[in-house]
Ligand SMILES: Nc1ncnc2c1ncn2[C@@H]1O[C@H](COP(=O)(O)OP(=O)(O)OP(=O)(O)O)[C@@H](O)[C@H]1O
Ligand SMILES: [Mg+2]
């Protein structure tokens, strides 16, 4: 450690303090000594930070347990080491329970104290590093928030702002992985209901009876096995928001029941007589076009209109390519912080490949791929090599669209297609290809390494 450790030592025996000082000063420690607890506590509260406190438990004025408590009131990260009488295992245990980091039985070997302090310092700096990392994660722009600059996402943001403090039911539509739950959470946590629960339930994952008892709860004896009353999610979310995910998969029977609660804002627990009134905001999500289900007759029209008071549609990622670099940057920072790696960016080739990919799994798929790349890479920049094959392999439609709309192709794709066709014409002979392309062999090798050239 570069900075000296600041240590307060408290003991009423002057010889003890001398031993502590002598054994710690050569270890890059600044030791301040106190013969009573009151003076040490005043010093702790002075605002000048302290790393470690070493205190005797038996002090003339206040006991050592109080010192532990006072030190932690000032700063929870001060490590306290207590000195105990050799025979008193009990007080050592009590001290640890009160939050001391370690204890040293008296009489002690001066070396022992240096070892315990060194270990405390190491553990403490790890703890602080962790806290720091967590803070950085929380402070990340958009952490837990929604990243996006495309017109479509800006519209989503403006909808969230408009609806968050109303009680209108929101229907969020979009393919799997586009961020529906993220938007639902943003509405809840941005609203005046944020201090109350946000409860999510996946309606598609539960059979009818279970979904019903989960949502509405039941009275004791409502059915075999109902041994006591259970509150449902409508009640649990009181004052907050209930997120009904995959609402399109609700059965006709449950659709009727849901419609009733949405209309009347009250319901009865299963097997109950009492009407329970609910104050909740309902946010529903679906990855199917509910309107189509209505037209097909599988989803009730009246329920559809009840849910679709405020529709928010999140387009698939492939339709908002300009969000990709922003999301990539966000996930690169997120995972490199999380994995304590120093990866700051992704190179142009890799970014181009990501921009062009079809992203059927949307943002979730992109997030997983970046997490994987950060795990795999040993470099400080992510390159095409760190991406999975399905992304590196050029889309078969690329050549087709290049021929059909030559003006729409990017320089990156044009280069890669040209290299591919020259390579093909010389049966993959790289020296010949390099000569034909007018570049040296090593340049061609580099290009081939950074982009996967299709030979077909
Ligand atoms: N715009 C965004 N900015 C940052 N992270 C995002 C964004 N969109 C989605 N994500 C992340 O992608 C993952 C999937 O998002 P989410 O669970 O909200 O999707 P979903 O639409 O509910 O998917 P599904 O239909 O499969 O349940 C989450 O980890 C989420 O944090
Ligand atoms: Mg979801």
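None of the figures in this text is laboratory data; all of them are computed from the coordinates on show. Being a predicted model, the structure only gives us computed values, none of them experimental. Quick reminder, even Gly has a Cβ in these numbers, built from the backbone with ideal geometry, and neighbours come from all protein chains shown.
Restricting to Cα pairs below 8 Å that are 6+ residues apart, what does the relative contact order work out to for the chain? Please round to a whole percent.
Working: 683 pairs, mean separation 50.8, N = 456.
With pairs under 8 Å counted, the relative contact order is 11 percent.
Relative contact order of the range 318-391, please, whole-number percent, based on alpha carbon pairs below 8 angstrom and at least 6 residues apart.
Numbers: 73 pairs, mean separation 29.0, N = 74.
Relative contact order here is 39 percent.
Rounded to the nearest 0.05, what FRET efficiency do residue 445 and residue 125 give with R0 = 45 Å and r taken as the Cβ-Cβ distance? Could you check?
Details: r = 45 Å, r/R0 = 1.00.
Efficiency, rounded to the nearest 0.05: 0.50.
Full extension from residue 115 to residue 90: what is 0.36 nm times the residue separation minus their Cα-Cα distance, to one decimal in nm?
Working: separation 25, 0.36 × 25 = 9.00 nm, distance 2.28 nm.
Fully extending the segment from residue 115 to residue 90 adds 6.7 nm.
Quick one: 441, 101, fewest Cβ neighbours within 10 Å first, how do they rank?
Values: 441 12, 101 20.
Going from least to most buried by this count: 441, 101.
Could you give the nm distance between label points at residue 292 and residue 151, where each point is 7 Å from its Cα heading toward the beta carbon?
Using points 7 Å along Cα→Cβ, the separation is 2.4 nm.
For a quick protection proxy, order the peptides 147-160, 232-245 by their average other-Cβ count within 10 Å, most packed first. Show your work: numbers first, answer last.
Details: 147-160: 16.3, 232-245: 20.5.
Descending packing order for the listed peptides: 232-245, 147-160.
If you fit an axis through the alpha-carbon atoms of helix 323-338 and take the longest principal axis of the Cα set of the chain, what angle between them do you get, 0 to 90°, nearest 10?
30 degrees
Once you have the Cα-Cα distance between residue 224 and residue 73, take 0.36 nm times their residue separation minus that, and quote the gain in nm to one decimal.
On the way: separation 151, 0.36 × 151 = 54.36 nm, distance 5.23 nm.
Full extension of this stretch gives 49.1 nm more.
From the helices alone, meaning DSSP H stretches of at least four residues, give me the mean residue ellipticity at 222 nm for the chain, per-run term -39500 (n - 2.57), in deg cm²/dmol to the nearest 500. All intermediate terms of the calculation are to be shown ahead of the outcome.
Numbers: 20 runs with 217 residues, N = 456.
Taken over the chain, the calculation gives -14500 deg cm²/dmol.
If one takes the longest principal axis of the Cα atoms in the chain, at what angle in degrees, from 0 to 90 and to the nearest 10, does the Cα axis of helix 441-450 lie?
Its long axis makes an angle of about 80 degrees.
Tell me the angle of helix 110-139 to the major Cα principal axis of the chain, expressed in degrees between 0 and 90 and rounded to the nearest ten.
30 degrees
How many nm separate the modelled label positions at residue 161 and residue 390, each set 7 Å beyond the Cα in the direction of the Cβ?
Label-label distance for residue 161 and residue 390, simple model: 3.7 nm.
Please list 9-19, 189-199, 363-373 highest first by mean number of surrounding beta-carbon atoms within 10 Å per residue. Working shown, then result.
Details: 9-19: 17.6, 189-199: 15.7, 363-373: 19.2.
So the order, starting with the most tightly packed, is 363-373, 9-19, 189-199.
Which of the peptides 33-43, 53-63 is most tightly packed, and how do the rest follow, going by the mean number of other Cβ atoms within 10 Å of each residue?
Numbers: 33-43: 18.1, 53-63: 19.6.
Result, highest mean Cβ count within 10 Å first: 53-63, 33-43.
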